1. Obtain the nm distance between the two label points defined at Q242 and L222 by a simple spin-label model: each point lies 7 Å from its Cα along the Cα-to-C-beta direction.
2. Taking 2.2 N^0.38 Å as the expected size of a compact globular protein, what ratio does the Cα radius of gyration of the chain give against it, to two decimals?
3. Per residue of the range 175-180, what does 6.51 cos²θ - 1.76 cosθ + 1.60 with θ = phi - 60° give for ³J(HN,Hα)? Whole Hz please, x for Gly and Pro, Karplus curve as stated.
4. Label points 7 Å out from Cα along the Cβ direction at I122 and L194: separation in nm?
5. In the structure shown, do any of K59/K114; K52/K89; K49/K201 have a Cα-Cα gap over 31 Å, and if so which?
6. Return the Rg/Rh value of the range 31-70, two decimal places, where both radii are evaluated on C-alpha atoms and Rh is the Kirkwood radius.
7. Could you work out Rg/(2.2 N^0.38 Å) for the range 170-253, with Rg from alpha carbons only?
8. Rounded to whole Hz and in sequence order, give me ³J(HN,Hα) for the range 181-186 from the Karplus expression 6.51 cos²θ - 1.76 cosθ + 1.60, θ = phi - 60°, writing x for Gly and Pro.
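Since every read-out is calculated from the coordinates, none of them should be taken as a lab result. Model, not experiment: these values are computed from the prediction. Please note: Cβ atoms are built from the backbone with ideal geometry, for glycine as well, and neighbour counts cover all protein chains shown.
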Amino acid sequence: MRIAYLDCFSGISGDMLLAALVDAGADRDRIEQELRKLPVGDFRLEWKKVVKAGVSALKLDVVDESQAPALPLKPLKVLGNDHEHRSHKDIVDMIQAAGLAPRVTRRSLAIFEKIAIAEAKIHNVPVDTVHFHEVGALDSIVDVVGIALGLEELDIGQLHCAPIPTGNGYVRCAHGLYPVPAPATMELLVGIPLRETRIDKELTTPTGAGVAAALVEQFGPLPSMTVEAIGYGAGTRDLPDQPNVLRLLVGRR
């Protein structure tokens, strides 16, 4: 069986994992072609090689080129500013209608379901009424479905993961200033081994935590495997004393 190991010593986010999958050999052209099936408006994916604390890694940026919001997109007033948001049902409908491979659809929906359940608990609302702010944005949808496509491209049957560092400090969300990890992120990480870090930044995002909660079969040290490919996905920030990258090991048991 082909497996992958998430060596997330600097945390995990959706863009880092998608970039690591492509860096490990997933066909980015085919991933982009499949992503065009989603009704999320015009966007482009920018890929570039960067060096983080001496480690070469692939950096992904999702650029929104829409002139107007694409359906199903609705305006929401939050904290005096205009924000775009999508409901859980909106996202489920768009993924189911995209005609993706069955396992890609299942994995994408599983990630969003985990996030929706966590958000519903934190905000004390039914799952069906959950509306995503940050996770409902274009880049997060592209990241989640892109990750499912990348796993399919590499024929990954099982995903394993190291203990996850969350980071420390505070992060500004749609509802205001939250502690790190943000409440929904922490809810997603219940039952998952975490690793201590002194870094005062958000290292694990809700999308990254959603992937871990939905798709990872086992957490712990590197499993027995023969490594066939290694991918490095870069984060946006530069961290003190360590590379802000996610290392992905792909191989067979």
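1. 1.6 nm
2. Numbers: Rg = 17.1 Å, N = 253, 2.2 N^0.38 = 18.0 Å.
After normalising by residue count via 2.2 N^0.38 Å, the value is 0.95.
3. 8, x, 8, 10, x, 9
4. Output for this residue pair reads 1.3 nm.
5. Details: K59/K114 26 Å; K52/K89 38 Å; K49/K201 23 Å.
Violating the 31 Å Cα-Cα cut-off are K52/K89.
6. Values: Rg = 13.5 Å, Rh = 11.9 Å.
Taking Rh as the inverse mean 1/r over Cα pairs, Rg/Rh reads 1.13.
7. Numbers: Rg = 14.7 Å, N = 84, 2.2 N^0.38 = 11.8 Å.
Normalised Rg, Cα atoms only: 1.24.
8. Values, residue by residue: x, 4, x, 5, 4, 5 Hz.
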